[in-house]
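Undergrad: Here it is: the structure, laid out below.
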Amino acid sequence: MTEKADRRIQRTKKALREAVLELVIEIGFENLTIEKITEHANLGRTTFYLHYRDKHELLLDSLQTQIDSLFNEIYSPENIEKWVNQGDDPRKLVFIHASENPELYKMLFTNQVSGTVFNQFRNHISSILETITQAIQERDNLTPKLPNAVVTNYVSGALVGLISWWLENDMPYSPEEIYQMYHMLLVEGAVKSIGI
């Protein structure tokens, strides 16, 4: 495949991904048709079917692309190094991104889409946390009290759950405030945080 054809495919898929996200927010996934998507993207139905089986596959690809982009930004090698060496936690950027894209996250965390992307999001966070946890343990010669997989899955589940609640309640706290609360819950634990 030529570079020119490859760029054309990338542009086409990008137009379809943007169209589906905009339309889902505007009219809902149930009301979405292939015709509406292709019309919005200014493409033909045949072009759509060259790249996707149906609107579900397109939406999952669109959400996955958004999430991959977020994780590439947040968990860049530089940010991970800062986290390991300086304790500067890039997870607060997830709250900032969620505040800037609330409809995307509501879509991700509600019944409008398959749980596939939601689970990939949580698993991605857990995997990154496990890598960082192991790096800190090796650097400081620490022995974990619990298996890393248990801890990182708990922490990533807490992050996703808190973001969901925060968005459902129209973000009553700023991204920095909700991140600080999340951090306090992790460091001090829920029981200590409520004063017990």
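The values are calculated or read from the model by the stated rules, or taken from the named source; none is laboratory data. Predicted model only: the values in this text are computed from it and were never measured. We place every Cβ from the backbone using ideal geometry, glycine too, and count neighbours over all the protein chains shown.
Undergrad: Which of the following residues is in a loop (DSSP other than H, G, I, E, B) and either among the hydrophobic types (A, V, I, L, M, F, W, C) or surrounded by fewer than 16 Cβ atoms within 10 Å (Cβ to Cβ) (or both): 31, 72?
TA: Numbers: 72 fails: in a loop (DSSP other than H, G, I, E, B).
The match here is 31.
Undergrad: In addition: Quick one: count up the residues across the range 169-196 that are assigned to a helix (DSSP H, G or I) and either modelled with pLDDT of 90 or more or under 24 Å from residue 127 (Cα atoms) (or both).
TA: Total meeting the criteria: 15.
Undergrad: Given the structure, is residue 91 outside the structural domain of residue 20 (by TED's automatic domain parsing), modelled with pLDDT of 80 or more and on the phi < 0 side of the Ramachandran plot?
TA: Working: outside the structural domain of residue 20 (by TED's automatic domain parsing): yes; modelled with pLDDT of 80 or more: no; on the phi < 0 side of the Ramachandran plot: yes.
Considered against the rule, which asks whether it is outside the structural domain of residue 20 (by TED's automatic domain parsing), modelled with pLDDT of 80 or more and on the phi < 0 side of the Ramachandran plot, residue 91 comes out as no.
Undergrad: Looking only at the range 124-145, count every residue that is exposed (fewer than 13 other Cβ atoms within 10 Å of the Cβ) and either closer than 14 Å to residue 83 by Cβ or under 26 Å from the mean Cα position of the chain (by Cα) (or both) and tell me the total. Before the answer, list the steps.
TA: The first filter runs over the range 124-145 and keeps only residues exposed (fewer than 13 other Cβ atoms within 10 Å of the Cβ), leaving 138-145.
Imposing the further condition that a residue be either closer than 14 Å to residue 83 by Cβ or under 26 Å from the mean Cα position of the chain (by Cα) (or both) reduces the set to 139-140.
Total meeting the criteria: 2.
Undergrad: Taking into account only those residues within the range 80-112 that are without any contact (Cβ under 8 Å) to a residue 24 or more places away in the chain and closer than 16 Å to residue 183 by Cβ, which is surrounded by the most Cβ atoms within 10 Å (Cβ to Cβ)?
TA: Here the answer is 90.
Undergrad: Something else now. Kindly indicate whether residue 85 is farther than 22 Å from residue 107 by Cβ and of a type outside the set (A, V, I, L, M, F, W, C). Outline the logic, then answer.
TA: Working: farther than 22 Å from residue 107 by Cβ: yes; of a type outside the set (A, V, I, L, M, F, W, C): yes.
Yes; evaluated as a whole, the condition is true for this residue.
Undergrad: Just to be sure before I move on: is residue 23 surrounded by 17 or more Cβ atoms within 10 Å (Cβ to Cβ) and assigned to a helix (DSSP H, G or I) in the structure I sent? Can you show your working first?
TA: Numbers: surrounded by 17 or more Cβ atoms within 10 Å (Cβ to Cβ): yes; assigned to a helix (DSSP H, G or I): yes.
It is true that residue 23 is surrounded by 17 or more Cβ atoms within 10 Å (Cβ to Cβ) and assigned to a helix (DSSP H, G or I).
Undergrad: Within the range 162-173, which residues are free of Cβ contacts under 8 Å to residues at least 60 places away in the same chain and within 15 Å of residue 93 (Cβ to Cβ)?
TA: Of everything in the range 162-173, just one residue is free of Cβ contacts under 8 Å to residues at least 60 places away in the same chain and within 15 Å of residue 93 (Cβ to Cβ), namely 162.
Undergrad: Say whether the condition of being free of Cβ contacts under 8 Å to residues at least 12 places away in the same chain, within 23 Å of residue 168 (Cα to Cα) and not hydrophobic (A, V, I, L, M, F, W, C) is met by at least one residue in the range 128-145. Lay out the reasoning, then the answer.
TA: Looking only at the range 128-145, we keep the residues that are free of Cβ contacts under 8 Å to residues at least 12 places away in the same chain, and these are 137-138, 140-145.
Next, from what is left, pick out any that are within 23 Å of residue 168 (Cα to Cα): none.
No; the residues of the range 128-145 include none that is free of Cβ contacts under 8 Å to residues at least 12 places away in the same chain, within 23 Å of residue 168 (Cα to Cα) and not hydrophobic (A, V, I, L, M, F, W, C).
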